[in-house]
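Comments concern the structure below.
The values are calculated or read from the model by the stated rules, or taken from the named source; none is laboratory data. Computed from a predicted model, the values in this text were never measured in an experiment. Glycine gets a Cβ as well: all are built from the backbone with ideal geometry, and neighbour counts include every protein chain shown. Please note that ligands, DNA and RNA were not included when accessible areas were found on the heavy atoms of the full protein model with its side chains. Shrake-Rupley method; radii C 1.70, N 1.55, O 1.52, S 1.80 Å.
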Amino acid sequence: MLLQPQPPFPTAALRDVFAQERAALAPECAGVFGRQGLFVGCDAELVAHMAAPMLGRRLGLRVLAPDRLTGDAVCAPAELPFPDDSFRLVVVQHAFERVADAAGMRAEIVRVLESGGTAMIVGFARFGAWRPWLAWHGRDQPPWHYASAATWRRALARGGVDVYAQRRIGPSRIAVGGGSVLLPAAFRSSWLLLARKRNTHALLRTHPAALQPRGVRANLASGTQRASA
């Protein structure tokens with residue numbers, strides 16, 4: 001089957017949203033130390049502009065079509081060609097909203113994230129002020145497949161990845177007429193989940209100590225017996 005690449009989104013406004021999201025991700029990525037990280041976006045900008053100075057290697061994928069990712073590998077979203085527990089950091093910026101099998105992609109993200117590793121997931125807020133804008137400007141493009149942060153939290157937890165922080169990120173203003181309106185945090189464009197995979201290789205194992213009973217000399221007085229015990 002001949003793949004038809006998705007055309008780039010035609011507005012600078014959405015590129016600005018992505019840039020502001022990457023700015024929110026940058027300090028989080030900077031603190032992750034490990035062998036390698038995986039960055040999956042709906043365009044090439046995520047890999048090109050995200051820095052992770054404490055990672056030994058960065059791999060990047062972007063959405064080519066609803067059933068195909070491209071970049072450092074070419075694969076289906078639900079068939080990442082990486083071994084289990086491969087990445088200390090996995091960052092996903094909206095890519096799951098542009099593929100046909102978002103649940104399969106989420107399962108693969110959990111699989112390739114190493115124990116103790118960090119996942120950062122960015123999606124458009126269900127009730128954010130940008131949803132009507134996206135629907136209007138993207139009406140000639142493949143549809144966005146939205147999912148709430150709560151849906152992701154539950155699904156990640158079932159896979160052994162626990163969310164430790166949730167934030168609203170994205171532009172703090174939206175253009176209206178000839179000006180702009182300041183948005184409350186609850187109406188910003190996107191949600192960000194920070195999660196960590198449970199460490200299954202560092203279970204604490206304890207063994208009861210075998211204590212030898214101390215003998216008591218029978219020919220001692222009772223007080224002396226207690227003291228010697």
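Can you give the local net charge around ALA155? Use residues other than it whose beta-carbon is closer than 14 angstrom to its beta-carbon, Lys and Arg +1, Asp and Glu -1. Intermediate results must be reported in sequence, preceding the final value.
Details: positive: ARG106, ARG111, ARG153, ARG154, ARG158, LYS197; negative: ASP101, GLU108, ASP162.
Neighbour charge sum, excluding ALA155 itself: +3.
Packing here is the average count of other Cβ atoms within 10 Å per residue, and on that basis the peptides 73-84, 54-65, highest first, run 54-65, 73-84. Expressed as a whole percent, the accessible area of segment 16-102 that falls on carbon and sulfur atoms is 52 (1.4 Å probe).
If the chain linking VAL74 and PHE33 were pulled fully straight, counting 0.36 nm for each residue of separation and taking away their Cα-Cα distance, it would gain 12.1 nm. Computed in the context of the full set of protein chains, the accessible area of segment 157-197 at 1.4 Å probe radius has 55% of its extent on carbon or sulfur.
A simple spin-label model places the labels of ARG131 and THR151 1.1 nm from each other, with each point 7 Å out along Cα-to-Cβ.
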